[in-house]
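Nothing in this text is a laboratory measurement; each read-out follows from the coordinates by a stated rule. These numbers were taken from a predicted model, which means no experiment stands behind them.
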Amino acid sequence: MPKKGPDTHHIVPSPSGGWNVERGGGERASSHHDTKREAVAAGREVSRNQGAELRIHNRDGRIASSDSHGNDPKPPKG
C-alpha cells in the first residue's frame, strides 16, 4: 500500500465491513460508512475543506482514483 502522508485522506475498505475515511498517517478512521459512495462524498468534503489530496482505494487496497483539492504539485496548464 502506498505511503499515507499527513496531507492526504484515503477511502479504504473497513475490516469489519463498509468503508472508512482515514487521514494519511492516522491510526484510526475519521469516519465510517456503509457504502463506498457515502465514504467518497464524506472524504471529498473533508479533503476540500483542508486542501488535501484524496485517494480512493478498491477492495484489494489499490488506488482506483485520486482527487486533488489544493497543493497540487503538478496543476494542469491553461
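Overview of values
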| item | result |
| --- | --- |
| Interchain or long-range residues, amide H under 5 Å from Ser31's placed H | Val21 |
| Shape category assigned to the stretch 22-65 from the gyration tensor of Cα positions, a/c cut at 1.5 | rounded |
| Potential extension, Asp67-Asp7 segment - 0.36 nm per residue separation minus Cα distance | 20.4 nm |
| Under 5 Å, built H, 5+ apart or other chain: amide partners of Ala52 | His69 |
